[in-house]
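Notes to accompany the following structure.
The values are calculated or read from the model by the stated rules, or taken from the named source; none is laboratory data. The model shown is predicted, which means the values in this text are computed figures rather than measured ones. A quick note on method: Cβ atoms are made from the backbone with ideal geometry, for glycine too, and the neighbour counts reach across all protein chains shown.
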Amino acid sequence: MQGPASILLIDDQDDEALLVRRAIADTGYTGELSAVQSVMSARKYLESDAGPFIKLVLLDLKFPGPSGFDFLKWRGESSFSNRIPTVVLSNSDSQTDICQAYDLGANSYLNKPVSFTEFKDLIAAAISYWIDVNELPNDNGFGEL
């Protein structure tokens, strides 16, 4: 993959995706944010080499068709995407969902707060850690960074 580090948002709900976009913009993040609305679109996006280098995936769990759990399973089996940090952003606080997400390789599970101010703070903390602080391997499955 080429280009600057980027975030990939996988969420089928336009209103939820808009909130994530607004929250990320409010953090001052200047990298690229790409968004897809299905797990299959995310797979195609990550398998193509036309997009930017993905440094972080933000994943919703509930989709019609293949779910976020299916994406995590595929990611874990993929030789090139299993090193991309994947953060689940979900409205579900079900322990079953949380355990299943971690069992399938999620790097973090964040429950979306109701308050937009709290949501912005949550996104800012996630961006700060995963983009600014976290170290990825030099070969993230896509070759040298």
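Structure values in brief
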{"item": "Some residue of region 123-140 being surrounded by 14 or more Cβ atoms within 10 Å (Cβ to Cβ), among the polar types (S, T, N, Q) and either in contact with a His (Cβ under 9 Å, 6 or more places away or on another chain) or modelled with pLDDT of 95 or more (or both)", "result": "no"}
{"item": "Selection within region 60-89 - surrounded by fewer than 19 Cβ atoms within 10 Å (Cβ to Cβ) and outside any helix (DSSP H, G or I)", "result": "62, 64, 65, 66, 67, 78, 79, 80, 82, 83"}
{"item": "Selection count, region 36-59, where residues are under 13 Å from the mean Cα position of the chain (by Cα) and part of a loop (DSSP other than H, G, I, E, B)", "result": "2"}
{"item": "Pick from region 90-102, criterion part of a helix (DSSP H, G or I) and either on the phi > 0 side of the Ramachandran plot or within 15 Å of the chain's Cα centre (by Cα) (or both), ranking: surrounded by the most Cβ atoms within 10 Å (Cβ to Cβ)", "result": "101"}
{"item": "Flag if residue 120 is touching a residue at least 24 places away in the same chain (Cβ under 8 Å), of a type outside the set (Gly, Ala, Ser), out of contact with any helix residue (DSSP H, G or I) (no Cβ under 9 Å at 6 or more places or on another chain) and part of a helix (DSSP H, G or I)", "result": "no"}
{"item": "Condition check for residue 105: assigned to a loop (DSSP other than H, G, I, E, B), over 20 Å from residue 6 (Cβ atoms) and either of a type outside the set (Asp, Glu) or in contact with a Leu (Cβ under 6 Å, 6 or more places away or on another chain) (or both)", "result": "yes"}
{"item": "The one condition in (1) modelled with pLDDT under 95; (2) closer than 25 Å to residue 135 by Cβ; (3) of a type outside the set (Lys, Arg) that residue 14 fails to fulfil", "result": "(2)"}
{"item": "Residues that are out of contact with any Lys or Arg (no Cβ under 6 Å at 6 or more places or on another chain), among the aliphatic types (A, V, I, L, M) and surrounded by 15 or more Cβ atoms within 10 Å (Cβ to Cβ), drawn from region 103-122", "result": "106, 110, 122"}
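Every residue, every condition in (1) buried (at least 19 other Cβ atoms within 10 Å of the Cβ); (2) polar (S, T, N, Q); (3) in contact (Cβ under 8 Å) with a residue 24 or more places away in the chain, yes or no:
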{"position": "11", "(1), (2), (3)": "yes, no, yes"}
{"position": "17", "(1), (2), (3)": "yes, no, no"}
{"position": "21", "(1), (2), (3)": "no, no, no"}
{"position": "25", "(1), (2), (3)": "no, no, no"}
{"position": "39", "(1), (2), (3)": "yes, no, yes"}
{"position": "44", "(1), (2), (3)": "no, no, no"}
{"position": "57", "(1), (2), (3)": "yes, no, yes"}
